[in-house]
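Every read-out reported here was derived from the displayed coordinates using simple, explicitly stated rules and does not represent laboratory data. Here the structure is a predicted model, which is why all the values come from computation and not from measurement. In this analysis, Cβ positions are derived from the backbone assuming ideal geometry, glycine residues included, and neighbour counts consider all displayed protein chains.
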Amino acid sequence: MDVYGLLGNPVSHSLSPPMHEAAYRELGISARYVTFEPESEALEAAVSGADALGIRGLNVTIPFKRDALSLVESDELATRIGAVNTIDFGGSSQKPTGHNTDAAGVRRAFEHHGTELDGTQAVLVGAGGAGRAVAFALAEAGAVVKIANRTKERAENLANAVPRASGHGLDDLPNLLADAEILVNATSVGMDDDRSPVPSESLSSQLTVMDIVYRPLETRLLREARAAGAETIDGAWMLLFQGVEAFELWTGREAPVGMMNDALRGELSGEADAFK
Ligand code: NAP
């Protein structure tokens, strides 16, 4: 039996085990996906221990994505983003290889919805860990990226690292959105509260709006975007496709996207019902 897993702290609410195990069941793969919660100082021992034990692959989440970079042979995109969220122990190099499938998750989520990014004007709100992956995903796909963040300096720093990007404060959002076709929220605003990081008057039907927040799935931003006539993409799509990309990298097989999506959304709606 193959073992895959997730390294993070905390990981108890992770949606990755049901999503990946649905794929193993569907394709008849004998594998389990388990979560590991090492202390920060034990990260290096955890990665080399996993390698020694024959674990095939690990996802990496908060707070280890940045530190994992130096423990593996990172690919070019993960190196530029400055974070690894997927480790593959099956490669032929001496060190395990590190990848960032969050960026691919964003690109594939737009592709799945038939939204072209090449040549578009995109506004990204947020310049934290997830914001970095989104910024590179949009730029790699050919968008011009305007990054707006509460702490403007952080947006400017990120923009310096991303091709065709500029950094702004949140006050610039109405201007930036006037000629944008793509809007992505990568702040935590809207998670566990009913707030939006974007003034509703700046939303319009010319936009496709992605919110990467997935708890809840229906954020205030997405509600207001839909009311303004915009196309919307919820945060479970990025989560799904980063998992799909990791599955395909580890197994070399095409992922059963529909089954993984059903498992993920089943878990999320179960959680939402439990809170009612
Ligand atoms: P992070 O590194 O802590 O960054 C948080 C971001 O939110 C920063 O840009 C921060 O701005 C901004 N922010 C926080 N509170 C704010 C407020 N009150 N007003 C305006 N901006 C505010 O967090 P992260 O890891 O990037 O995660 C961000 C969100 O993305 C979380 O909700 C997470 O669950 C979600 N996420 C989703 C996926 C997915 O697959 N769908 C993947 C990763 C993360 P400052 O720089 O000014 O502090």
In degrees, nearest 10, the alpha-carbon axis of helix 101-112 is tilted away from the dominant principal axis of the alpha carbons of the chain by 60
Multiply the residue gap between H113 and Q206 by 0.36 nm, knock off their C-alpha separation, and tell me the result in nm, one decimal place. 32.0 nm
Rough spin-label spacing in nm, given labels placed 7 Å along Cα→Cβ, for E41 and E248: 4.2
Cα axis of helix 43-53 to longest principal axis of the chain: angle in degrees, 0 to 90, nearest 10? 50
Would you work out the relative contact order for the range 103-233, in percent, from Cα pairs under 8 angstrom that are 6 or more residues apart? 21
Going through the range 2-78, which GluC sites (Glu not before Pro) have at most 13 other Cβ atoms within 10 Å and a DSSP loop state? E39
Note: D179 to T79 extended length (0.36 nm per residue) minus current alpha-carbon separation gives 32.8 nm
Between 0 and 90 degrees, rounded to the nearest ten: what's the tilt of helix 257-275 against the longest Cα principal axis of the chain? 70
Return the calculated 222 nm mean residue ellipticity for the chain, to the nearest 500 deg cm²/dmol, obtained by summing -39500 (n - 2.57) across DSSP H runs with n ≥ 4 and dividing by the residue count. -12500 deg cm²/dmol
List the residues of the range 157-196 whose backbone N lies under 15 Å from a point placed 7 Å from the Cα of A227 along the Cα-to-Cβ direction. 194-196
Let's test the formula: R0 of 41 Å, r as the Cβ-Cβ distance of D262 and S188. What FRET efficiency results, to the nearest 0.05? 0.95
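R0 = 25 Å: FRET efficiency of D171 with R195, Cβ-based, nearest 0.05?
0.90
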Output ³J(HN,Hα) for the range 11-20: one whole-Hz value per residue in order, computed from phi by the Karplus curve 6.51 cos²θ - 1.76 cosθ + 1.60 with θ = phi - 60°, and x for Gly and Pro. 10, 5, 9, 5, 9, 5, x, x, 5, 6
Cα-based equivalent ellipsoid of the range 103-233: semi-axis lengths in Å, sorted from largest, via gyration tensor: 19, 17, 14
Computed for the chain: size of charge dipole around the Cα centre, +1 on C-beta of each Lys and Arg, -1 on C-beta of each Asp and Glu, debye to nearest 20, value 140
Would you please state which residues of the range 1-19 a label at S30 would reach in this model, taking the label point 7 Å out along Cα→Cβ and a backbone N cut-off of under 12 Å? 1-3
